[in-house]
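To start, the structure under review is shown below, and the notes come after it.
The values are calculated or read from the model by the stated rules, or taken from the named source; none is laboratory data. Just so you know, these numbers come straight off a predicted model, no measurement behind them. Cβ coordinates were reconstructed from backbone atoms using ideal geometry, including for glycine residues, and neighbour counts include every protein chain displayed. Please note that ligands, DNA and RNA were not included when accessible areas were found on the heavy atoms of the full protein model with its side chains. Shrake-Rupley method; radii C 1.70, N 1.55, O 1.52, S 1.80 Å.
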Amino acid sequence: MTDPITEPRNARSRRTRTAVLAAARAILEERGPAALTMAEAAERAGVTRRAVYLHFSSRTELVIALFDYLAEEEGLHESVRRVWQRPDSVAGLEEWARHLARYHPRVLAVDQAVRRVRNQDPDAARHYRRATESQRANCRRLAEWLAHEGRLAPAWTADSATDMLWALISSDLIEALHVERGWSEDQLAGHLALMFRRTFVDPAGVAGSAAAK
């Protein structure tokens with residue numbers, strides 16, 4: 001088996017890799033992980049199976065690579081970067097709400113497809129674990145930021161706040177409010193920010209910080 005190409009050497013190779021990843025995403029969204037095979041990805045992308053294997057040595061590698069592809073296509077890293085650029089942890093928490101509202105609806109279909117079969121499909125499970133690890137790392141950083149500034153509400157520890165912030169990324173929540181109830185991105189961001197602030201932020205800590213300034 002030819003080793004996968006991790007850094008495409010020319011524009012044509014990059015286009016092929018992108019086409020295969022876009023095809024894999026479309027198959028996942030439309031038909032679920034069970035329909036995603038190397039042959040199906042090749043046919044959907046309009047390339048040969050050999051071309052697919054030049055970039056991805058296995059279905060496992062293809063499914064895992066989708067995380068980075070989605071992150072790049074939908075602007076994950078720039079969206080999260082805005083959180084850490086905020087001047088304090090409370091502003092960061094509110095920006096986290098805006099991040100969830102602008103980014104997660106864009107990847108909702110893939111996320112739901114993966115979640116449905118992750119207990120039966122090892123490749124889907126690997127994709128889910130990678131996404132979860134990234135999400136939890138951001139939630140922990142945010143919870144620890146609040147705690148470090150003395151702004152985390154007394155009912156929470158950094159560990160429990162991490163868990164709850166991560167649970168609130170649920171695709172079911174995004175679907176219920178954004179898709180089923182028709183909330184706009186601004187509505188979703190605003191109400192999530194309100195809930196996060198009232199749930200996780202210690203008003204006394206905020207007041208004390210303001211007085212110190």
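The ellipsoid equivalent to the alpha-carbon distribution of the range 58-213 has semi-axes of 30, 16, 14 angstrom, derived from the gyration tensor eigenvalues as √(5λ) and listed largest first.
Karplus-derived 3J(HN,Hα) values for the range 21-34, using 6.51 cos²θ - 1.76 cosθ + 1.60 with θ = phi - 60°, are 5, 5, 5, 4, 4, 4, 5, 4, 5, 8, 10, x, x, 4 Hz; glycine and proline are entered as x. Using every Cα-Cα pair within the range 46-120, state what percent have a distance larger than 14 Å. Considering the range 46-120, 71 percent of its Cα-Cα pairs are separated by more than 14 Å. If you take every residue apart from P122 with its C-beta less than 12 Å away from the C-beta of P122, what net charge results, scoring Lys and Arg +1 and Asp and Glu -1? Counting the neighbours of P122, the net charge comes to +2.
The phi torsions of the range 97-107, fed into the Karplus equation with coefficients 6.51, -1.76 and 1.60 and a -60° offset, translate into couplings of 4, 5, 4, 4, 6, 8, 9, 5, x, 6, 10 Hz, rounded to whole numbers, with Gly and Pro shown as x. For A176 and H148, a Förster radius of 45 Å and the Cβ-Cβ distance give a FRET efficiency of 0.85, rounded to the nearest 0.05. Surface composition of the chain: carbon and sulfur make up 49 percent of the accessible area, probe 1.4 Å.
Against the chain, whose longest principal axis comes from its Cα atoms, helix 203-212 is set at around 70 degrees. Each Lys or Arg adds one and each Asp or Glu takes one away; over the other residues whose Cβ falls under 11 Å from the Cβ of D111, this sums to +1.
Placing +1 on each Lys and Arg Cβ and -1 on each Asp and Glu Cβ, with no other charges, gives the range 119-162 a dipole about its Cα centre of roughly 60 debye.
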